[in-house]
Amino acid sequence: MYSFDYERPSGVNEAVSAVGEDDKFLAGGQTLLPTLKLRLAQADKLIDLGGIAELKGISVSGSELSIGAMTRHVDVANSADVKSAIPALSHLASHIGDAQVRNRGTIGGSIANNDPAADYPAALVGLGATVHTDKRSISAEDFFIDLFETALEEDELVTKVTFPIPEKAGYAKFPNPASRFALTGVFVAQTAQGVRVAVTGAGPCVFRQTDMEAALSSNFSAEAVSGIKTEASGLSADIHASADYRANLISVMAARAVQAAS
């Protein structure tokens, strides 16, 4: 038997005030609901964020793209503003899961969950994004800590993500054919602050490939990264792929991401 209370607040302050020690925020529910169903997680109360209008929406201001935490993947994928400002981010969102996942899942829920094979963490770190909460602003590199772990406090709520608009960017992933999670995904961006290369799916948490960043700073081409090897030690190994295989995929996906960059 499942037993929990349910609230659907209309504002951020109301949502934050409602959450207790054993309560959980409900965004798209694409991970939380299955884990509750399988009894891998439990909650005294679910605070549904779906009724908070201020957490939804996409806008561009100057050299910055802003996406509300409750904005669905499908809306990121189809947004004219995202396609114009950061086409690679639109491409990434359009390949998350399947149509059902994209129509329910949200950017805030995804990054707060920090699945090691999720796509968005690579975009946030690759673009040097900032995660905004009801309490503070956190750089993407400080936000993602470890496997399913972020810098969020228990009662802290993601409100939006802001992305500096890059000169060019690209994303490529090798998807698991069933889940479409990234066995390995690489986001490459040429920004005003330099080149950034972020890898997801290959390890327990998103990370930067600094050797590739250095190479692309001198020569932004697929050839510059295709021969750069990543140390397999510390990478993930499971029934889907070995650490060595994922290490090789980093080079392949990085080259494809550079080719796709626009």
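The values are calculated or read from the model by the stated rules, or taken from the named source; none is laboratory data. Computed from a prediction, not measured in an experiment: that's the story for all the values here. Because the Cβ atoms are built from the backbone with ideal geometry, glycine has one as well, and the counts that use them run over all protein chains shown. Calculation scope for accessible area: heavy atoms of the full protein, side chains included, ligands and nucleic acids excluded. Shrake-Rupley method; radii C 1.70, N 1.55, O 1.52, S 1.80 Å.
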>> If I filter segment 68-100 down to residues being touching a helix residue (DSSP H, G or I) at 6+ places or on another chain (Cβ under 7 Å) and farther than 23 Å from residue 261 by Cβ, which single residue comes out as most open to solvent (accessible area, probe 1.4 Å)?
In response: 72
>> Please count how many residues of segment 11-28 are more than 16 Å from residue 114 (Cβ to Cβ) and either open to solvent by 70 Å² or more (accessible area, probe 1.4 Å) or in a loop (DSSP other than H, G, I, E, B) (or both).
In response: 8
> Restricting attention to segment 166-183, which residues are surrounded by fewer than 18 Cβ atoms within 10 Å (Cβ to Cβ) and either of a type in the set (S, T, N, Q) or over 16 Å from the mean Cα position of the chain (by Cα) (or both)?
Replying inline: 167, 168, 176, 177, 178, 179
> Can you tell me which of 51, 57 is farther than 20 Å from residue 114 by Cα and in contact (Cβ under 8 Å) with a residue 40 or more places away in the chain?
Replying inline: 51
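One line per residue, one yes/no per condition, for (1) under 12 Å from residue 199 (Cα atoms); (2) assigned to a loop (DSSP other than H, G, I, E, B); (3) among the acidic types (Asp, Glu):
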{"residue": "220", "(1), (2), (3)": "no, yes, no"}
{"residue": "228", "(1), (2), (3)": "no, yes, no"}
{"residue": "231", "(1), (2), (3)": "no, yes, yes"}
{"residue": "234", "(1), (2), (3)": "no, yes, no"}
{"residue": "237", "(1), (2), (3)": "no, yes, no"}
{"residue": "240", "(1), (2), (3)": "no, yes, no"}
{"residue": "244", "(1), (2), (3)": "no, no, yes"}
{"residue": "249", "(1), (2), (3)": "yes, no, no"}
{"residue": "256", "(1), (2), (3)": "no, no, no"}
> Which strands (runs of 3 or more DSSP E) sit wholly inside segment 87-192 and have at least 1 residues that are among the hydroxyl-bearing types (Ser, Thr, Tyr), on the phi < 0 side of the Ramachandran plot and touching a His at 6+ places or on another chain (Cβ under 9 Å)?
Replying inline: 158-164, 168-175
>> Report every pair of residues separated by at least 6 positions or lying on different chains whose Cβ atoms are under 6 Å apart, first residue within segment 189-214 and under 21 Å from residue 175 (Cβ atoms), second open to solvent by 20 Å² or more (accessible area, probe 1.4 Å) and among the hydroxyl-bearing types (Ser, Thr, Tyr).
In response: 203/236
> Any idea how many residues of segment 215-262 are open to solvent by less than 80 Å² (accessible area, probe 1.4 Å), under 16 Å from residue 116 (Cβ atoms) and in contact with a strand residue (DSSP E or B) (Cβ under 7 Å, 6 or more places away or on another chain)?
Replying inline: 5
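Looking at this structure, is residue 186 crowded, with 20+ Cβ neighbours inside 10 Å and closer than 21 Å to residue 60 by Cβ? Break it down stepwise before answering.
Details: crowded, with 20+ Cβ neighbours inside 10 Å: yes; closer than 21 Å to residue 60 by Cβ: no.
In short, no.
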